[in-house]
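Undergrad: Before I ask anything, here is the structure I am working with.
The values are calculated or read from the model by the stated rules, or taken from the named source; none is laboratory data. Quantities reported herein were computed from a predicted structural model and do not represent experimental measurements. Note that each Cβ is placed from the backbone with ideal geometry, even for glycine, and that neighbours are counted across all protein chains shown.
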Protein chains: 2
Amino acid sequence: MDFSSFLTSLGTSFVIFLVLMFLFTWLSRKPGNSVVYYPNRILKGMDPCEGNSMTRNPFAWIREALSSSEEDVINMSGVDAAVYFVFVSTALGILVLAGLVLLPLLLPVAITDHSVKSDNTTSNGTFSDLDKLSMGHVEKKSPRLWAFLIATYWVSFAAYYLLWKAYKHVSDLRAAALMSPEVRDEQFAILVRDIPPPAEGQTRKEQVDSYFRAIYPDTFYRSMVVTNNKEVNKIWKELEGYRKKLARAEAIYEESKKSGKPEGTKPTSKIGFLGLFGKKVDSIEYYNEKINELVPKLDAEQKVTLREKQQASALVFFTSRVTAAAAAQSLHATMVDTWTVMDAPEPRQLIWNNLPKKFFERQIRQCVVYVFVALTIFFYMIPISFISAITTLSQLRKLLPFLKPIVDQNAIKTVLEAFLPQLALIIFLALLPKFLLFLSKAEGIPSESHAVRAASGKYFYFTVLNVFIGVTVGGTLFSTLKDIEKDPNSIVTLLATTLPANATFFLTYVALKFFVGYGLELSRIVPLIIYHLKRKYLCKTEAELKEAWSPGDLGYATRVPGDMLIITIVLCYSVIAPIIIPFGVLYFGIGWLVIRNQVLKVYVPSYESNGRMWPHMHTRIIAALMIYQVTMIGYFAVKEFYFTPILIPLPILSLIFAFVCSKKFYHFFQATALEVACRELKETPNMEIVFRSFVPPSLSAEKSDDDQFEDAKSQVSRATSFV
Amino acid sequence: MDFSSFLTSLGTSFVIFLVLMFLFTWLSRKPGNSVVYYPNRILKGMDPCEGNSMTRNPFAWIREALSSSEEDVINMSGVDAAVYFVFVSTALGILVLAGLVLLPLLLPVAITDHSVKSDNTTSNGTFSDLDKLSMGHVEKKSPRLWAFLIATYWVSFAAYYLLWKAYKHVSDLRAAALMSPEVRDEQFAILVRDIPPPAEGQTRKEQVDSYFRAIYPDTFYRSMVVTNNKEVNKIWKELEGYRKKLARAEAIYEESKKSGKPEGTKPTSKIGFLGLFGKKVDSIEYYNEKINELVPKLDAEQKVTLREKQQASALVFFTSRVTAAAAAQSLHATMVDTWTVMDAPEPRQLIWNNLPKKFFERQIRQCVVYVFVALTIFFYMIPISFISAITTLSQLRKLLPFLKPIVDQNAIKTVLEAFLPQLALIIFLALLPKFLLFLSKAEGIPSESHAVRAASGKYFYFTVLNVFIGVTVGGTLFSTLKDIEKDPNSIVTLLATTLPANATFFLTYVALKFFVGYGLELSRIVPLIIYHLKRKYLCKTEAELKEAWSPGDLGYATRVPGDMLIITIVLCYSVIAPIIIPFGVLYFGIGWLVIRNQVLKVYVPSYESNGRMWPHMHTRIIAALMIYQVTMIGYFAVKEFYFTPILIPLPILSLIFAFVCSKKFYHFFQATALEVACRELKETPNMEIVFRSFVPPSLSAEKSDDDQFEDAKSQVSRATSFV
């Protein structure tokens, strides 16, 4: 790739971005599309056209994003979204600070060194014009390297400073959210797991109640024993399905009245496999019949579940925030693997199935999952080549003989042969986040947000190891594996020598990512098309329509690792090829604007973890910083610079910084500080509502039949003191 | 050393033991010695001659020790002593179980193998008769090694089984102690450290009170701000010193009245340096004068200290055990390095000076101490050789020229030259425990018992690394250091090859240790002589006499590492030379009896940590077990046994066992489980007494002048609910 083709690629991406942006301006002004472009506002009951977002000015959304405050973000999308912006602005800040010093300092130093005949421009599409701007252009042992050494320190200290400020800020955000005077249900509950078997003749409920009433005589309110809801959930889902179908059938019937005959056509459906075979029946009648059949069945199953399917886990409710917060942090039993407690997650993010999992079962599951993920990361080529092997044409012909006539045509054959392996790779990579989320849930994690964090961490290591180090070191890694085994330090040298050659690849990668990626994000072309298709051909009822435009959440599990990869790449190249810094700045700058817009208007958070994502991000930024520092040590060593050891304190400093931060801030992200929990509430909480909010929908009785809960849930305690 | 000389040494030790035991029987029957042999009983106000300990039967004490129950031990010396017995009996149990199988299984297998011409009996005093009983006698690659392999597994599983039972038992002991219905002062208090600077115009006391009253409105009782007591302690010590001297002078005066002239001789003393120079004054008058001078000074200094020397640390008292236990485990501040809390230690074991040390200061101190200890362990020869270099005669002559005439005499010269380095080594080793305790306290640990545990852990690593591995591998280690650097695994092989050669050395060591060591322990010859000397020549008052026979505590800091060393040695040799097992059994068996006697009658515990020592012992027994397992793998490899890899799961199993134990039991040894703290108390605690018990003696006002505490301590809260 020469310089002009690089510029072409850059230009194309930019044009795509502009086109998508104007598309966005045009499409978002159409009122019919407002459910795609302003769903968050609509769901919050606000006017979608609030502000001047409907003007013809294509940059109005930018002005709006810039003028929005952190408070707006918290109000619209919660603390987690605000923390994501802290993360993006911290990354942006580090790169801006780095760029301000590195660009004017290093570019002239590199470009004016004429002593090198650019002898390492041969490989992987590096081209001479850009190469002159990089550290590779500086002669070995040259005193000019001092400038690069100082730059390495500058970037690190800029990162420490901004990370420290950010951690403090996020800590304050979290404190403010937790001490809010609003009643938040989960702040009055704790999750108890690993309850030992109850004594003879005692029910689970009695056991839990007597245990906690003895310890908290004044503030214990009630307990809710976790039940095995598999059966009841199945019936409930079936029932809900029939209700939806009934609503749909009724809507079709209404429509047919209007359009066709005045008496209308009763819709019919077949009751066999997939609605394609079997007897034809009147849909409305059939569904009503089914519903009438299922309602008593659900009722009966609910009773059975509450009475007989109690598990060794419970939610315990307190009338005081402070007691709940302290109880969640205290050891309750002398055998540490029984009566384990933790903060109750929000009701909506409880992973109900994981609650009754036993202590050591969770430990073993975690170990197994870690081993599995490590194997996936290190040998991810193996499943891919396995899939590729299956998906070769000859294999396919054998396995699915009916494809033969199609596959044997020459044109199709060529295309398939070229794309099948890539297709397999793409599908595998697209499935990976879901797979990692599945694995994280299999660990026995009790809350959705925690599972997302766990999956995000796994994905980060996957991308850094495979995309970054994989692409950089590439094939050479395996051929030199023997050298590495002999001398593990050689991987640093290897990384250092191959890094500069790949600068252009990553430059293009970053540019593509922000122009096209954020363009698509902003314009929401894909959801728009899907919505309109669904509206036209599938959706008949209001509920179905609402489902069609429901925007989902920000998707931290894949978004954060993606950003992390960019940070890692830009940091690692920041000193070697400072020209990458403006691209990084653009990535996070445009990202900030686009996501700000999306968070305020589009995405609806599916949970609130009060910023627990931050320590996770913080640690990984430091990990990226350390990769950068170690790489730089290696690269300076390759340049045979005598003063390279001056850089050795840097990774140690990073470790100390990480240690100090974790000691100073981290514990508050695991537990609620009591000084925060003891703040006054606006009103004394209605404990009944708090309690009800945790009842899963499949168990909440239709006809508010309170008594049936008393089988599994405890009596209201006599205490009435509120904090 | 041949077999007969080994037997001679064994016999001599045994005779010494018998002599000391009869000496004990004879001496302990004299009523004048009862304060040396029964101080614990006397201090508890019991009859020293209770039971039949005064009979002529020399084995009466054994019967008494055997018939005593664990409850007796707890009543007489607390839970810590009982836990020490659990440790000793677990060690004993492991060795007995090992011996029962290994002796009848392995000895015949080894002795009937005639194929080896005992080719490794040359070195370090190994002798052929014992060698025939060891694994070294078995041919390489012989199928007879299977027996040894099975034995290795047997010992490990016996250890796991007994350790598991012991941990459970100790956990129960701790729970029983913590849930006792007696009011224990420290259960109502927490220790708060790292209090941030108070707001402008607010005193520390107000700050602490308002902070905790907001969080615990119902159960907060009062707080005691930690003060800088250096000055007040100095005055108090001076005052106490003069009081003692006054009492002594009065006693001398009384005595002189009886013995000499009826009007008596007033004792005089010189007031100059060390009482040797200066003006002669009437002692009684002088001391009275001094006391009268110091009392108002102390009063004034107490007021100043309480008002102006308040530090960033406090003890906070609650009216409820549960609240105190939960508060000690909960995060209080959003900045984790402020308002750090922990269980309050007993008042008597508070290390007052360490309380105000800052969070990160403690971290840094800990790091520095660890580095220091590691250096001491690995390079302990350096200070010794340094001392030796200084203490050579020529050096001494130079440094202390006045010694010349003595040193130059030939006989003295020879003796000194021979003994000076050894003397230096002995002094260094004797000072080491004190030095390690000093280092542990320098870490900023707030309680005596914790410091003892920390010192004990350090001493364990010192003895195992230096005595055991040092003696075994000896000089060869340094010559083969290069091999080790190339291949770190070779240290295992090295250890394995040199172990059998040193079997006899350790056999003799263990025998010496139990016969002579426990003989001296039981007979208490040294404390007896010191007591009688003091009584005759120094002590004049009752208080001085009491001090002279005060027995001290069990001395866990050195005793436990000593026992650990024996366990490590015996375990490591158990399969290689099973003949060591009976010696180990004797060590722990006699140890159990002797220490049981001492604990019931002699030693007075100086603190009670409710068995917190156990996890520490447990971990180190497992460490010893792993050294044994790894050594065995190495030794089997040296024997070129094909099935050696069968042993590889063993150390992994040990790790898993340690992990499971720590997950199941350990947390309860760090914190008080709430189900334990919520037990009913016998009586509602008198909070004023609880509070007073924590006031250091130098600050407790003589004339119960309550008001002055109000400066630094808070008002009694209005709450009166007790648990």
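Undergrad: Going through B:V336, B:V316 one at a time, which residue ends up being among the aliphatic types (A, V, I, L, M), touching a His at 6+ places or on another chain (Cβ under 7 Å) and within 14 Å of another protein chain (Cβ to nearest Cβ)? Give the derivation first.
TA: Values: B:V316 fails: touching a His at 6+ places or on another chain (Cβ under 7 Å).
The conditions single out B:V336.
Undergrad: Let me ask something additional. Would you point out which residue out of B:L571, B:L593 is buried (at least 22 other Cβ atoms within 10 Å of the Cβ), among the aliphatic types (A, V, I, L, M), in the same structural domain as B:A511 (by TED's automatic domain parsing) and more than 30 Å from B:L246 (Cβ to Cβ)?
TA: Being buried (at least 22 other Cβ atoms within 10 Å of the Cβ), among the aliphatic types (A, V, I, L, M), in the same structural domain as B:A511 (by TED's automatic domain parsing) and more than 30 Å from B:L246 (Cβ to Cβ) holds for just one of B:L571, B:L593, which is B:L571.
Undergrad: Take the residues in region A:178-211 that are buried (at least 21 other Cβ atoms within 10 Å of the Cβ) and within 13 Å of chain B (Cβ to nearest Cβ), then tell me which one is nearest to A:I621 (Cα to Cα).
TA: This residue is A:L178.
Undergrad: Quick one: B:V723 ticks every box in (1) surrounded by 17 or more Cβ atoms within 10 Å (Cβ to Cβ); (2) away from chain A (no Cβ under 14 Å); (3) modelled with pLDDT under 85 except a single one, so which number is it?
TA: Looking at each condition in turn, B:V723 falls short on (2).
Undergrad: Let me ask you something else. Report yes if A:V336 is part of a helix (DSSP H, G or I) and crowded, with 20+ Cβ neighbours inside 10 Å, otherwise no.
TA: Considered against the rule, which asks whether it is part of a helix (DSSP H, G or I) and crowded, with 20+ Cβ neighbours inside 10 Å, A:V336 comes out as no.
Undergrad: Do we find a residue being free of Cβ contacts under 8 Å to residues at least 40 places away in the same chain, closer than 30 Å to B:Y216 by Cβ, out of contact with any helix residue (DSSP H, G or I) (no Cβ under 8 Å at 6 or more places or on another chain) and within 14 Å of chain B (Cβ to nearest Cβ) anywhere in region A:216-224?
TA: No, every residue in region A:216-224 fails to be free of Cβ contacts under 8 Å to residues at least 40 places away in the same chain, closer than 30 Å to B:Y216 by Cβ, out of contact with any helix residue (DSSP H, G or I) (no Cβ under 8 Å at 6 or more places or on another chain) and within 14 Å of chain B (Cβ to nearest Cβ).
Undergrad: Can you confirm whether A:I579 is β-branched (V, I, T), in contact with a Cys (Cβ under 7 Å, 6 or more places away or on another chain) and in contact (Cβ under 8 Å) with a residue 24 or more places away in the chain? Let's see the steps before the verdict.
TA: Working: β-branched (V, I, T): yes; in contact with a Cys (Cβ under 7 Å, 6 or more places away or on another chain): no; in contact (Cβ under 8 Å) with a residue 24 or more places away in the chain: yes.
So A:I579 does not fit the description; no.
Undergrad: Testing A:Q311 on (1) touching a helix residue (DSSP H, G or I) at 6+ places or on another chain (Cβ under 9 Å); (2) more than 14 Å from chain B (Cβ to nearest Cβ); (3) assigned to a helix (DSSP H, G or I), one condition comes back false. Which one is that?
TA: Unmet condition: (3).
Undergrad: Quick one: which of A:L105, A:L66 is under 24 Å from A:K132 (Cβ atoms), in a helix (DSSP H, G or I) and touching a residue at least 40 places away in the same chain (Cβ under 8 Å)?
TA: The unique qualifying residue is A:L105.
Undergrad: Filter region A:339-361 for residues that are in a strand (DSSP E or B) and of a type in the set (A, V, I, L, M, F, W, C); which is nearest to the other protein chains (Cβ to nearest Cβ)?
TA: Among them, the one singled out is A:V341.
Undergrad: Any idea which residue in region B:606-636 is farthest from B:Y167 (Cα to Cα), counting only those that are in a helix (DSSP H, G or I) and polar (S, T, N, Q)?
TA: Across region B:606-636, the extreme among qualifying residues is B:T631.
Undergrad: Tell me which residues, restricted to region A:225-238, are crowded, with 18+ Cβ neighbours inside 10 Å and more than 23 Å from A:S320 (Cβ to Cβ).
TA: Scanning region A:225-238 gives A:T227, A:N229, A:V232, A:N233, A:I235, A:W236.
Undergrad: Residues of region A:214-224 being surrounded by fewer than 17 Cβ atoms within 10 Å (Cβ to Cβ) and assigned to a helix (DSSP H, G or I), which ones?
TA: A:A214
Undergrad: Now for a separate question. Are any residues in region B:292-321 hydrophobic (A, V, I, L, M, F, W, C), over 14 Å from B:T227 (Cβ atoms) and surrounded by fewer than 17 Cβ atoms within 10 Å (Cβ to Cβ), and if so, which ones?
TA: Within region B:292-321, B:V295, B:A300 qualify.
Undergrad: Another question, if that's okay. Counting only residues that are within 14 Å of chain A (Cβ to nearest Cβ) and either at pLDDT 90 or above or more than 29 Å from the chain's Cα centre (by Cα) (or both), give me the helices (runs of 4 or more DSSP H) lying completely in region B:661-706 with at least 2 of them.
TA: B:667-670, B:674-677
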